[in-house]
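Worksheet for the structure shown next.
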Amino acid sequence: MVIQIAPSILSADFSKLGEEVVLMEKGGADWIHIDVMDAHFVPNLTFGPPVIKAIRPVTKVPFDVHLMVDNPMEYIDDYIKAGADSITVHAEVLPHLQRSVTYLKQKGVRAAVSLNPSTPLNVLEYVLEDLDMVLLMTVNPGFGGQSFIPSMMRKISSLKKMIDERQCKVDIQVDGGISLNNIQKVAKAGANCFVAGSSIFSAPDPAGMISQMRRAAES
Ligand code: DX5
Ligand code: ZN
C-alpha cells in the first residue's frame, strides 16, 4: 500500500490555521487530518463543521475528518457538506456500525472506522470488507503529544494479517505518538497511513518533516 502522511492540525497554531494548512500542502501532505472532539467521548473539545468549511477553500489536499464524538451520525451530513473527503467514526460509540459505514459510502465519502487502544480487532470482523481504512489509535484519544503505546505494534501486525488473508484493499492508519523515531518500525508492522501532529508542527521545518517521515516509512 502507498505510504500516506496526514498532518494533524490539532497541533497547528490556531491563530493562523489557514496558513498552517497551506504549509502542509507545500510539504506534500496526502491528507489534512482534522480531529473533532466533543468533550464527552474524549476529554477535550476542538472544532466542528464551521471551522472545516472555513479552511476548505485554502487547499486542494483532501480532508480526513476523525470524529471523536459520542453521536457521530447525528451531524454527519454537516461534516460532509463542510468538505470532508474521508470520515472516521469510532466503533465504540456505534452499535449499528455496518449501517453507519454504508451511509458514508452512499454519501460518496471514504469510510473509516477507528478503534481505541483497548478495543479488540474482532469488532471489525463483519465490516472490514466495506471499509476504505481502519484507524488504529496508538494513544488514548483526546490530546496531541502523547507517547505511542508499545503493544499497538502487535495490533497493527494482526490487522495487516487479517486484511491480507481476506485480500481486501483497506488502508491501515495509525494515530498518536508517531514520529521520525518510530515511523519506520510502524510501517514495517503494516501501517501505511500516518497521522502526525506534534512531531510535524513542533519540528523546526514542519513542511520538510513530512517528506522526512515519508522517506523513513518507505525505507
Ligand atoms: C489524538 C488525535 C491525534 C493527535 C495526534 O486524540 O486523534 O490525531 O493529533 O497527535 P500526536 O501526533 O502529537 O500524537
Ligand atoms: Zn486523530
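Just so it is clear, none of the values below were taken in a lab; they were calculated from the coordinates. If you're wondering where the values come from, they're calculated on a predicted model, not measured in any experiment. In this analysis, Cβ positions are derived from the backbone assuming ideal geometry, glycine residues included, and neighbour counts consider all displayed protein chains.
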Check: Given q = 0.13, 0.18 Å⁻¹, what are the Debye log10 I(q)/I(0) values for the chain, with equal point scatterers placed on the Cα positions and solvent ignored?
Finding: -0.67, -1.40
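Once the piece of chain linking Asn44 and Lys107 is laid out straight, how much longer is it, given 0.36 nm per residue of separation minus the C-alpha distance between them? Mind showing how you got there, number by number?
Details: separation 63, 0.36 × 63 = 22.68 nm, distance 2.83 nm.
Extending this stretch completely gives an extra 19.9 nm.
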Item checked: Rh by Kirkwood over Cα pairs, then Stokes-Einstein D for the stretch 43-85 at 0.890 mPa s and 25 °C, µm²/s -> 224
Check: HN-Hα J couplings of the stretch 206-211 from phi, Karplus 6.51/-1.76/1.60, θ = phi - 60°, integer Hz, Gly and Pro as x?
Finding: x, 5, x, 4, 4, 6
Check: Which lysines, on any chain, are close to Lys107 with Cα under 29 Å apart, when same-chain ones fewer than 8 places away are left out?
Finding: Lys53, Lys60, Lys81, Lys160, Lys169
Check: Under unit Cβ charges (Lys, Arg +1; Asp, Glu -1), what dipole magnitude, rounded to 20 debye, does the chain have relative to its Cα centre?
Finding: 480
Check: Applying the Karplus parametrisation 6.51 cos²θ - 1.76 cosθ + 1.60 with θ = phi - 60° to the phi angles of the stretch 10-15, what ³J(HN,Hα) value in whole Hz is obtained for each residue in order, glycine and proline being reported as x?
Finding: 4, 9, 7, 7, 5, 6
Check: What is the local net charge at Lys105, summed over the other residues whose Cβ is closer than 10 Å to its Cβ (Lys, Arg +1; Asp, Glu -1)?
Finding: 0
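Per DSSP H run of n ≥ 4, the term is -39500 (n - 2.57); total these for the chain, divide by its residue number, and report the mean residue ellipticity at 222 nm rounded to 500 deg cm²/dmol. Spell out each step's value before the answer.
Working: 8 runs with 73 residues, N = 219.
That comes out to -9500 deg cm²/dmol.
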Next item on the list: Could you tell me the distance between the Cα centroids of the stretch 13-59 and the stretch 170-184, to the nearest Å?
Entry: 19
